[in-house]
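A.B. asks: One structure coming up, written as structure tokens, with questions to follow.
The values are calculated or read from the model by the stated rules, or taken from the named source; none is laboratory data. The structure presented is a predicted model; accordingly, all values stated were derived computationally and were not measured. As a convention, Cβ positions derive from the backbone with ideal geometry for all residues, glycine included, and neighbour counts pool all protein chains shown. Ligands, DNA and RNA are stripped out before the accessible areas are found, and what is left, the full protein with its side chains, is counted by its heavy atoms. Shrake-Rupley method; radii C 1.70, N 1.55, O 1.52, S 1.80 Å.
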Amino acid sequence: MRHIISILIENESGALSRVAGLFSARGYNIESLTVAPTEDPSLSRMTLVTRGNDEIIEQITKQLNKLIDVVKLIDLAESSHIERELMLVKIKTTHETREEVKSMVDIFRGKIIDVTAHSYVVEMTGQSNKLDAFIHGFAEGSIIEVVRSGPTGISRGEKGLHL
Amino acid sequence: MELSGGHILVQCLKDEGVEFVFGYPGGSVLHIYDAIFHQDDVKHILVRHEQAAAHSADAYARATGKPGVVLVTSGPGATNAVTGIATAYMDSIPMVILSGQVPSPVIGSDAFQEVDTVGITRPCVKHNFLVKDVRDLAETIKKAFYVATTGRPGPVLVDIPKDMTDPNIKIEYKYPKKITMRSYNPVVVGHKGQIKKAVDILLNAERPMIYAGGGVILGEAHKELTKLVHLLGYPITQTLMGLGGFPATDKQSVGMLGMHGTYEANMGMHDSDVILAVGARFDDRVTGKLAEFCPYAKIIHIDIDPSSISKTVKVDVPIVGEVKPVLEQMIELIKESDIKPSKTALAAWWEKIESWRSVNCLDYDRSSTLIKPQYVVEQLYQVTKGDAYVTSDVGQHQMYAAQYYHFDKPRRWINSGGLGTMGFGLPAAIGVKLAFPDSDVACITGEASIQMCIQELSTALQYNAPVKIINLNNRYMGMVRQWQEFSYKSRYSQSYMDTIPEFVKLAEAYGHIGMRIERPEDVKGALEEAFAIKDRTVFLDFMTDRTENVYPMIEAGKAHNDMKLRVAPSTPMDRELS
């Protein structure tokens, strides 16, 4: 099962490699990982997507908690939450296809943020499956480049993950 | 008081109450060594190889309960220490390793003797630090000791670039008295409800087994464990790391369990209906085949580390907390409880255990004309009155030591359990002897293991650490040979060395006494003679039976009730090598 683990971790050099090293050393897989400092610059927030049965996820969360730099963590998949991923896509365009691409972008509530005679760069956020659907809407060969952030998420309601 | 980084470091060690630093100098740590030169409070023990520095410090910690301290230079100094660090990590031993690093401006430039020490050691330390500002040095050292010694203990490394100890940069020194870390809260108190539940299950057990590990020793809970076991009247088995946590000579002890555990311990585990695991981690050498591990038992598990719970074996009642207070609470609850263990059920259970015990699984051929390694350990036990500190290397001799030296006290049995590091024994013995100069220290080893850190004979002489080396010399890597005999149709691939040194001469070359013992009737006398010599290291080279195997044995991947017992002595299979 897919789990989204949200981690509050000391913003110190090497913190990311401790997390990544733990996963490779113990044979867990990381589907995606995003990390950036929080409103408190001494802390980073990491969102990690992984898969595994209940026993594996239990071990993953315990092992992560054991890392000295980890302050707190939650498994977002355990409760109601929102997740979003950012994607930038560079798409080939011709005079004939430009309108069609633009309407596709509108349908998916994306934005065209760069235009040349032969290409668009589209910015889009949403759940990962929405981004997948957008990409699948194009013929093979029409996409020049796809850059995705990997999902990041937050729980619904008043409670937050903080010190 | 304004001090340079090098002096700050040494002052930190003094303030931390450090008695010994085991180390080896080099370019990146020269400023620190100069600071060491200026004082006498912290004694530096110069080893002959950095691996040994880590093993000696580790064993010092195992024997005393105080953290061991290691000082090595950058690059090869640090990489040589890695085996020793990993050894301590696997057995949860508190240790602080100070490693030099190239000056911070050149980090990352592949400078002379530069390696990414923080990166290399990350998977085998509890935590590590890179000091980037000399103003953080004292606090970082405090944190290192704090992390190493609290919670589930472990090694912590502090990597110190050379410019952090520059004698020309002096800053105000203040060693923090206390430290807190928002991301690290090691004090965990066992859940009351869980403890109550555990006690109810324990008291209703009909075929109980207490399974105790190294956590009892690390958590200083041997008294509480002994009290609990006596109060309940249940049988107790111990892991390799747990030996000494409960007196081996007590009649409730059924000995060690696992791959080379006793018949009664393993059969007892397999047939039990309730298991109380105390500070043990269900290691694969203990459990054997997981799918058939203790099929009838409800399992209660006390451990300070939540990640140890249900890691390999699913437990029914987990109790996360320090072993000692949890056991204290259990004792109270048992005394208060209206439920008493069923006397008839317990009597029947003990009867069963006694029937297994009567198999006498540790018996061996006592009439052999060759020296049996088991006999040497038994005699060592007699001669030292069971009161020596015993270190070991890794292999058959380690198992013989665990099986035939009966440890009644904690911290007397010093061995590399988790990592299984050959070369551990001799430097470990030196670390222990320095801590307890008036006690007997024996290193039980083999001719293969001893050669992995034999250079430390020189350290033993320099620091007057007279240890007794019990070399069970069977001219084979015994455990490898045993597995090859059992699983590879006796194809003894590379498990034999035909150029074994003359250890007597070697010992003499290092300034010690060497003895070679070839007949069983000489074993006791040689040991008595060696232990009577208090001020010299004695290397006793016992020529033992080459064919001897460690029994009983659960072969890899088999269950507790599927043990290989010794075939009757002098049957062809047992003798084919002689």
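A.B. asks: Name the strands (runs of 3 or more DSSP E) wholly inside segment A:111-163 in which the number of residues that are open to solvent by less than 70 Å² (accessible area, probe 1.4 Å) and more than 17 Å from A:Ile4 (Cα to Cα) is 1 or more.
C.D. replies: A:111-116, A:119-126, A:143-148
A.B. asks: Also, quick follow-up: Hey, which of the helices (runs of 4 or more DSSP H) in segment B:163-270, taking only ones fully inside, have at least 3 residues that are touching a Cys at 6+ places or on another chain (Cβ under 8 Å) and under 26 Å from B:Pro94 (Cα atoms)?
C.D. replies: Counting at least 3 such residues, we get no helices (runs of 4 or more DSSP H) at all.
A.B. asks: I need the full set of residues from segment B:283-303 which are within 14 Å of chain A (Cβ to nearest Cβ) and open to solvent by 40 Å² or more (accessible area, probe 1.4 Å), in order please.
C.D. replies: B:Leu290
A.B. asks: Check whether at least one residue in segment B:305-320 is under 18 Å from B:Gln238 (Cα atoms) and among the charged types (D, E, K, R), and report yes or no.
C.D. replies: Checking segment B:305-320: not a single residue is under 18 Å from B:Gln238 (Cα atoms) and among the charged types (D, E, K, R).
A.B. asks: Please go through segment B:169-183 and give me each residue that is charged (D, E, K, R) and within 14 Å of chain A (Cβ to nearest Cβ), ordered by number.
C.D. replies: The one that is charged (D, E, K, R) and within 14 Å of chain A (Cβ to nearest Cβ): B:Arg182.
A.B. asks: How about segment B:2-46: which of its residues are over 21 Å from B:Lys143 (Cα atoms), assigned to a loop (DSSP other than H, G, I, E, B) and either polar (S, T, N, Q) or open to solvent by 30 Å² or more (accessible area, probe 1.4 Å) (or both)?
C.D. replies: B:Tyr24, B:Pro25, B:His38, B:Gln39, B:Asp40, B:Asp41
A.B. asks: So, one more: For segment B:391-404, indicate whether the set of residues that are closer than 19 Å to B:Met256 by Cα, of a type in the set (Val, Ile, Thr) and in contact with a Phe, Trp or Tyr (Cβ under 6 Å, 6 or more places away or on another chain) is non-empty.
C.D. replies: no
A.B. asks: Right, next: Filter segment B:459-510 for residues that are crowded, with 16+ Cβ neighbours inside 10 Å and among the small types (Gly, Ala, Ser); which is farthest from B:Tyr389 (Cα to Cα)?
C.D. replies: Among residues in segment B:459-510 that are crowded, with 16+ Cβ neighbours inside 10 Å and among the small types (Gly, Ala, Ser), the one farthest from B:Tyr389 (Cα to Cα) is B:Ser495.
A.B. asks: Tell me which residues, restricted to segment A:83-107, are within 25 Å of A:Leu48 (Cα to Cα), crowded, with 17+ Cβ neighbours inside 10 Å and among the hydrophobic types (A, V, I, L, M, F, W, C).
C.D. replies: Residues satisfying the conditions are A:Met87, A:Val89.
A.B. asks: Another question, if that's okay. One residue is enough: does segment A:48-60 have a residue meeting the conditions in contact with a strand residue (DSSP E or B) (Cβ under 8 Å, 6 or more places away or on another chain) and touching a residue at least 60 places away in the same chain (Cβ under 8 Å)?
C.D. replies: yes
A.B. asks: Here are some residues: B:Pro186, B:Pro161. Which one is within 14 Å of chain A (Cβ to nearest Cβ), more than 30 Å from the chain's Cα centre (by Cα) and in contact (Cβ under 8 Å) with a residue 24 or more places away in the chain?
C.D. replies: One residue alone meets the criteria, B:Pro161.
A.B. asks: Determine if segment B:172-183 includes at least one residue that is buried (at least 18 other Cβ atoms within 10 Å of the Cβ), under 24 Å from the mean Cα position of the chain (by Cα) and of a type in the set (Ser, Thr, Tyr).
C.D. replies: No, segment B:172-183 contains no residue that is buried (at least 18 other Cβ atoms within 10 Å of the Cβ), under 24 Å from the mean Cα position of the chain (by Cα) and of a type in the set (Ser, Thr, Tyr).
A.B. asks: Now for a separate question. Kindly indicate the residue of segment B:362-395 that is of a type in the set (Ser, Thr, Tyr) and over 21 Å from B:Pro552 (Cα atoms) and also nearest to the chain's Cα centre (by Cα) among those meeting that condition.
C.D. replies: Only one residue tops the list, namely B:Thr391.
A.B. asks: Please go through segment A:42-59 and give me each residue that is of a type outside the set (Asp, Glu) and farther than 21 Å from A:Glu12 by Cβ, ordered by number.
C.D. replies: Result: A:Val49, A:Thr50, A:Arg51, A:Gly52, A:Asn53, A:Ile56, A:Ile57, A:Gln59.
For every residue, the table says whether it meets (1) polar (S, T, N, Q); (2) part of a loop (DSSP other than H, G, I, E, B); (3) in contact with a Ser or Thr (Cβ under 9 Å, 6 or more places away or on another chain).
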| residue | (1), (2), (3) |
| --- | --- |
| B:Glu354 | no, no, no |
| B:Cys361 | no, yes, yes |
| B:Gln379 | yes, no, no |
| B:Gln382 | yes, no, no |
| B:Gly386 | no, yes, yes |
| B:Val394 | no, yes, yes |
| B:Ala402 | no, no, yes |
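A.B. asks: Still on this structure, I have one more. Output the qualifying pairs, or none if there are none: Cβ atoms under 6 angstrom, residues six or more apart or on different chains, first residue in segment A:1-18 and more than 14 Å from chain B (Cβ to nearest Cβ) and touching a residue at least 40 places away in the same chain (Cβ under 8 Å), second residue among the basic types (Lys, Arg) and surrounded by fewer than 17 Cβ atoms within 10 Å (Cβ to Cβ).
C.D. replies: A:Arg2/A:Arg51
A.B. asks: Moving to a separate point now. Working carefully through the options B:Ala448, B:Ala435, B:Ala429, B:Ala442, find the one that is farther than 24 Å from B:Pro155 by Cβ, within 17 Å of the chain's Cα centre (by Cα) and open to solvent by less than 30 Å² (accessible area, probe 1.4 Å).
C.D. replies: B:Ala442
A.B. asks: So which residues in segment B:310-329 are open to solvent by less than 80 Å² (accessible area, probe 1.4 Å) and either within 14 Å of chain A (Cβ to nearest Cβ) or in contact with a Leu (Cβ under 6 Å, 6 or more places away or on another chain) (or both)?
C.D. replies: The answer is B:Ser310, B:Lys311, B:Thr312, B:Val313, B:Val315, B:Pro318, B:Val320, B:Leu327.
A.B. asks: (1) more than 15 Å from the chain's Cα centre (by Cα); (2) away from every other protein chain (no Cβ under 13 Å); (3) at pLDDT 95 or above: which one isn't true of A:Leu64, the others all being true?
C.D. replies: With (1) more than 15 Å from the chain's Cα centre (by Cα); (2) away from every other protein chain (no Cβ under 13 Å); (3) at pLDDT 95 or above applied to A:Leu64, the lone miss is (2).
A.B. asks: Would you confirm, using the coordinates I've provided, whether B:Thr249 is farther than 29 Å from A:Asn53 by Cβ and more than 14 Å from every other protein chain (Cβ to nearest Cβ)?
C.D. replies: yes
A.B. asks: Can you tell me which residue in segment A:32-61 is nearest to B:Thr140 (Cα to Cα), limited to those that are away from every other protein chain (no Cβ under 14 Å) and in contact with a Ser or Thr (Cβ under 6 Å, 6 or more places away or on another chain)?
C.D. replies: Checking each candidate, the answer is A:Pro37.
A.B. asks: Now a separate question. Can you tell me which residue is nearest to the other protein chains (Cβ to nearest Cβ) among those in segment B:108-128 that are touching a residue at least 40 places away in the same chain (Cβ under 8 Å) and open to solvent by 30 Å² or more (accessible area, probe 1.4 Å)?
C.D. replies: So the residue we want is B:Ile120.
A.B. asks: Condition check: under 21 Å from the mean Cα position of the chain (by Cα) and basic (Lys, Arg). Does B:Arg62 satisfy that?
C.D. replies: When the stated conditions are applied, B:Arg62 passes them.
A.B. asks: Scanning for something part of a helix (DSSP H, G or I), open to solvent by less than 20 Å² (accessible area, probe 1.4 Å), closer than 25 Å to B:Asp15 by Cβ and touching a residue at least 40 places away in the same chain (Cβ under 8 Å), does segment B:93-100 turn up at least one residue?
C.D. replies: There is no residue in segment B:93-100 that is part of a helix (DSSP H, G or I), open to solvent by less than 20 Å² (accessible area, probe 1.4 Å), closer than 25 Å to B:Asp15 by Cβ and touching a residue at least 40 places away in the same chain (Cβ under 8 Å).
A.B. asks: Limited to segment A:19-61, what total is found for residues that are hydroxyl-bearing (Ser, Thr, Tyr), open to solvent by less than 60 Å² (accessible area, probe 1.4 Å) and over 12 Å from the mean Cα position of the chain (by Cα)?
C.D. replies: Selection size over segment A:19-61: 5.
A.B. asks: Among (1) aliphatic (A, V, I, L, M); (2) within 26 Å of B:Ser56 (Cα to Cα); (3) part of a helix (DSSP H, G or I), which single condition is B:Ala448 missing?
C.D. replies: All conditions are met except number (3).
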